[in-house]
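> Next up is a structure, given as structure tokens.
We did not get these values from a lab; they are worked out from the coordinates using the rules stated. The model shown is predicted, which means the values in this text are computed figures rather than measured ones. Glycine also receives a Cβ, built like all others from the backbone with ideal geometry; neighbour counts cover every protein chain displayed.
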Amino acid sequence: MPIRIVLAEDQYLVREGLRRLLETQDDLEIAAVCDDLDSLLAAVDAERPDVVVTDIRMPPGSSDEGIQAATRLRETHPEVGVVVLSQYATPSYVLALLGRGSEGRAYLLKERVKDVEQLVGAIRSVAERGSVLDPKVVEALVAENARGEESPLNELTPREHDVLREMAEGKNNAAIAATLYLTERSVEKVIHSIFLKLGLTWEPAVHKRVKAVVLYLAESA
């Protein structure tokens, strides 16, 4: 069965470009397209999609409607994954999106859309209850939280910071090893050290590891 998507974007050309881009994927199906918050929520009620792909700012307020939608859907349709597309690598937006947990949520910068594999990968991940954060946003989160003198993040080595960023992007150990030119066993040891220093419980599932890291960062903000 294809992953059914409700797409929300108020700019027509961007919306149509995204729709046509996603329709090139055999395992994706566009169930509805919308241009504001109300029509997005109505479409989810009517279509029962697997995933919502939404711009962060839409009518009626053009502020953070994508975040608002994700928050409401956590209550009304908790099974629906949400990918928020944004121009802003702003930690406050990400923390608002993930305030109720990171399961089934992704935050990508719009500049990633030109790489269809990144966008499609995020859609597939949230459909399976995983999490994806844009690398630039992860860097901003880490930098903001590391400013505090008492932050345990300051105890991490440069290598552990590198692995933490890769983890928060939703990569598994093999992908992290390939990116950082390490063995998987070395990655496992680094991850174990990270969680010990941050006081977090070891959790092998990728999306739960991301959740733990992001929740820690949110609490430290």
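> If you put +1 on each Lys and Arg Cβ and -1 on each Asp and Glu Cβ, how big is the dipole of region 14-126 around its Cα centre, in Debye rounded to 20?
360
> A further question follows. If a/c stays under 1.5 just call it rounded; otherwise compare a/b with b/c (prolate if a/b is bigger, oblate if not). Do that for region 35-116, with a ≥ b ≥ c from the square roots of the Cα gyration tensor eigenvalues.
rounded
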